[in-house]
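The values are calculated or read from the model by the stated rules, or taken from the named source; none is laboratory data. These figures come from a predicted structure and were not determined experimentally. For neighbour counting, all protein chains shown are included, and Cβ atoms are generated from backbone atoms with ideal geometry for every residue, glycine included.
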Amino acid sequence: MSQQRRPLIAGNWKMNGLAAAAAEEIAELRRLLKEKETPACDVLICPPATLIAALAAAARGSSIAIGGQDCHANASGAHTGDIAAEMLKDAGATHCIVGHSERRADHGETNAIVKAKAEAALRAGLTVLVCVGETLAERDGGKTLSVISDQVKNSLPQVASAATTVIAYEPVWAIGTGKTPTPEDVAAVHAHIRAELKALMNDSEAVRILYGGSVKGSNAAELMAVENVDGALVGGASLKAADFWPIIETVI
Ligand code: PGA
């Protein structure tokens, strides 16, 4: 954690959430946040696209931001089932995740595709969260840092800046498994990402680098204390305000 970078705790709901229960979770999060007069962190929820408009309305006037989980690279056109970044923005989103490993694996998204999507998010005026992370085979093969370098260099838009771009380091093998890297391993990858960013951006020191993968209330404090960890991208433990709040509390 650093003084100069405001932490961001982001929830990725993935393909979970129906309207009634989702609105209740946002209301509960609002209530908890209100108890802190000036929260010392940013809070983001990325629900399924079907819930963005409703949750953006439910979060209005609070410090909770709403984001998408993916976007198409184009602003409009014949792309059945896809959603443009401009549409996310129109529905009330202020952020968008791109390059999540589930998208990279399930939808064959390459670094070039992720970069085009990140550019689209920025074009639409959204803050983009670009995800990177190695698989278990890559880690076991000693390739973690080279894979991360490749993803950072080739997934980030040229126009990325600290104000509009966040990196999320999510080791694929830690997502939804209950396993996490050691704080030393997290520190090594985050320092490596920071060094890569230096070569790509003028304001690299101000870019927030989130850790993601099995973050929960019981391990968040340890992970958030690691140098160059500026927040978390949380899957399973973000679905219920009661589970998400203890993670927020570690940086608030
Ligand atoms: P998890 O997911 O917290 O359930 O491991 C993290 C993510 O995929 O963003």
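Kindly establish whether LYS36 is buried (at least 19 other Cβ atoms within 10 Å of the Cβ) and out of contact with any Phe, Trp or Tyr (no Cβ under 8 Å at 6 or more places or on another chain).
It is false that LYS36 is buried (at least 19 other Cβ atoms within 10 Å of the Cβ) and out of contact with any Phe, Trp or Tyr (no Cβ under 8 Å at 6 or more places or on another chain).
Taking the stated definitions as given, is ALA137 loosely packed, with under 15 Cβ neighbours inside 10 Å, part of a helix (DSSP H, G or I), modelled with pLDDT under 95 and more than 16 Å from the ligand (Cβ to nearest atom)?
So ALA137 does not fit the description; no.
Name the residues in segment 153-171 that are surrounded by 23 or more Cβ atoms within 10 Å (Cβ to Cβ), of a type in the set (A, V, I, L, M, F, W, C) and at pLDDT 95 or above, would you?
Result: LEU156, VAL166, ILE167, ALA168.
Run down ALA59, ALA116, ALA105 and say which single residue is in contact with a helix residue (DSSP H, G or I) (Cβ under 7 Å, 6 or more places away or on another chain) and aliphatic (A, V, I, L, M).
When all the criteria are applied, what remains is ALA59.
Which one is farthest from LEU18 (Cα to Cα) among residues in segment 206-236 that are free of Cβ contacts under 8 Å to residues at least 60 places away in the same chain and either part of a helix (DSSP H, G or I) or touching a Gly at 6+ places or on another chain (Cβ under 6 Å) (or both)?
Taking the candidates together, the pick is GLU222.
Just name the residue that is farthest from the ligand (Cβ to nearest atom) out of those in segment 155-165 that are in contact with a helix residue (DSSP H, G or I) (Cβ under 7 Å, 6 or more places away or on another chain) and in a loop (DSSP other than H, G, I, E, B).
Taking the candidates together, the pick is VAL159.
Residue pairs, Cβ under 6 Å, 6 or more apart or interchain, first in segment 105-119 and over 22 Å from TRP173 (Cβ atoms), second part of a helix (DSSP H, G or I). List them.
LYS115/SER155
Scan segment 56-69 and tell me whether some residue there is touching a residue at least 40 places away in the same chain (Cβ under 8 Å), away from the ligand (no atom under 16 Å from the Cβ) and polar (S, T, N, Q).
no
Residue by residue through segment 215-245, note down the ones that are within 11 Å of the ligand (Cβ to nearest atom) and not aliphatic (A, V, I, L, M).
LYS216, ASN219, GLY235, GLY236, SER238, ASP243, PHE244
Assess whether ILE45 counts as being within 22 Å of ALA237 (Cβ to Cβ), touching a residue at least 60 places away in the same chain (Cβ under 8 Å) and crowded, with 19+ Cβ neighbours inside 10 Å.
The answer is yes for ILE45.
Out of GLY231, GLY212, I need the residue that is within 24 Å of SER146 (Cβ to Cβ) and crowded, with 22+ Cβ neighbours inside 10 Å. Which one?
Step by step, each of GLY231, GLY212 is checked, and only GLY212 is within 24 Å of SER146 (Cβ to Cβ) and crowded, with 22+ Cβ neighbours inside 10 Å.
Against the condition touching a Pro at 6+ places or on another chain (Cβ under 8 Å) and within 16 Å of the ligand (Cβ to nearest atom), how does GLY176 come out, does it pass?
Answer is no for this residue.
For segment 86-94, does any single residue satisfy the condition of being out of contact with any Phe, Trp or Tyr (no Cβ under 8 Å at 6 or more places or on another chain), part of a loop (DSSP other than H, G, I, E, B), in contact (Cβ under 8 Å) with a residue 12 or more places away in the chain and surrounded by fewer than 23 Cβ atoms within 10 Å (Cβ to Cβ)?
Within segment 86-94, one or more residues are out of contact with any Phe, Trp or Tyr (no Cβ under 8 Å at 6 or more places or on another chain), part of a loop (DSSP other than H, G, I, E, B), in contact (Cβ under 8 Å) with a residue 12 or more places away in the chain and surrounded by fewer than 23 Cβ atoms within 10 Å (Cβ to Cβ).
Exactly one of (1) surrounded by 22 or more Cβ atoms within 10 Å (Cβ to Cβ); (2) modelled with pLDDT of 95 or more is unmet by SER146. Its number?
Among (1) surrounded by 22 or more Cβ atoms within 10 Å (Cβ to Cβ); (2) modelled with pLDDT of 95 or more, the lone unmet condition for SER146 is (1).
When you look at ALA168, is it within 12 Å of the ligand (Cβ to nearest atom), assigned to a strand (DSSP E or B) and under 18 Å from the mean Cα position of the chain (by Cα), yes or no?
Taking the combined requirement at face value, the residue satisfies it.
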